[in-house]
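Participant: Sharing a structure with you now.
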């Protein structure tokens, strides 16, 4: 069974969110009103609603890093991850955790990067050379 994931969350400013998700990340804008806007986030639906974003703390222990919790993101093929990484570097995004390779040489080896959107919601983008490795046992 295949599906499209839907996630709705708060942002403080729809115009800044449009610049971040649309202009910087390259996500296509969908429906909107004066209080929310939808984006096609790499094939999944994000609904950004005006309000106060969720509380975040760096409490997710992964390897040697504490990552922001909660967070959301997407898993891309490595070639697409590299294109997005380069776009974010060119856009001078401030990374919470800069682009790097996690679990090198192990099952589930992946590229990862963490950054914040315009409302400080944390996003992780992962890249895999083989998407079959997404669920590999460590």
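Results for (1) surrounded by fewer than 14 Cβ atoms within 10 Å (Cβ to Cβ); (2) under 22 Å from residue 131 (Cα atoms); (3) touching a residue at least 24 places away in the same chain (Cβ under 8 Å), shown as yes or no for each residue.
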position	(1), (2), (3)
50	no, no, yes
53	no, no, yes
57	yes, no, no
64	yes, no, no
73	no, yes, yes
79	yes, yes, no
82	no, yes, yes
92	yes, no, no
96	no, no, yes
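Participant: Looking for something within 21 Å of residue 16 (Cα to Cα) and in contact with a helix residue (DSSP H, G or I) (Cβ under 8 Å, 6 or more places away or on another chain) - is there at least one such residue anywhere in the range 126-138?
Facilitator: no
Participant: So, in the range 77-112, exactly how many residues are touching a helix residue (DSSP H, G or I) at 6+ places or on another chain (Cβ under 6 Å) and outside any loop (DSSP other than H, G, I, E, B)?
Facilitator: Counting residues in the range 77-112 that are touching a helix residue (DSSP H, G or I) at 6+ places or on another chain (Cβ under 6 Å) and outside any loop (DSSP other than H, G, I, E, B) gives 2.
Condition check ((1) in contact with a strand residue (DSSP E or B) (Cβ under 8 Å, 6 or more places away or on another chain); (2) more than 18 Å from residue 127 (Cα to Cα); (3) surrounded by fewer than 14 Cβ atoms within 10 Å (Cβ to Cβ)) across all residues:
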| site | (1), (2), (3) |
| --- | --- |
| 21 | yes, yes, no |
| 36 | yes, yes, no |
| 40 | yes, yes, no |
| 46 | yes, yes, no |
| 106 | no, no, yes |
| 109 | yes, no, no |
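Participant: Same structure again: Can you tell me which residues in the range 66-78 are more than 11 Å from the chain's Cα centre (by Cα) and under 14 Å from residue 110 (Cβ atoms)? Even if it seems obvious, please write down each step before you answer.
Facilitator: Within the range 66-78, the subset more than 11 Å from the chain's Cα centre (by Cα) is 66-70, 77-78.
Answer for the range 66-78, where residues must be more than 11 Å from the chain's Cα centre (by Cα) and under 14 Å from residue 110 (Cβ atoms): 67, 77, 78.
Participant: Could you count how many residues in the range 83-93 are over 13 Å from residue 21 (Cα atoms) and out of contact with any strand residue (DSSP E or B) (no Cβ under 7 Å at 6 or more places or on another chain)? If you could, list the steps in order and put the result at the bottom.
Facilitator: We begin by selecting, within the range 83-93, every residue over 13 Å from residue 21 (Cα atoms); these are 83, 85-86, 89-90, 92.
After this cut, where a residue has to be out of contact with any strand residue (DSSP E or B) (no Cβ under 7 Å at 6 or more places or on another chain) as well, the list is 83, 86, 89-90, 92.
So the count comes out to 5.
Participant: Would you check if residue 30 is assigned to a strand (DSSP E or B) and either at pLDDT below 95 or surrounded by 12 or more Cβ atoms within 10 Å (Cβ to Cβ) (or both)?
Facilitator: So residue 30 passes the test.
Participant: Residue under question is residue 40, and the condition is that it be modelled with pLDDT under 95 and assigned to a strand (DSSP E or B); does it hold?
Facilitator: Against the criterion (modelled with pLDDT under 95 and assigned to a strand (DSSP E or B)), residue 40 does not qualify.
The values are calculated or read from the model by the stated rules, or taken from the named source; none is laboratory data. In this text, all values refer to a predicted model and were calculated from it rather than measured experimentally. FYI the Cβ positions are ideal-geometry reconstructions off the backbone, even for glycines, and counts take in every protein chain you see.
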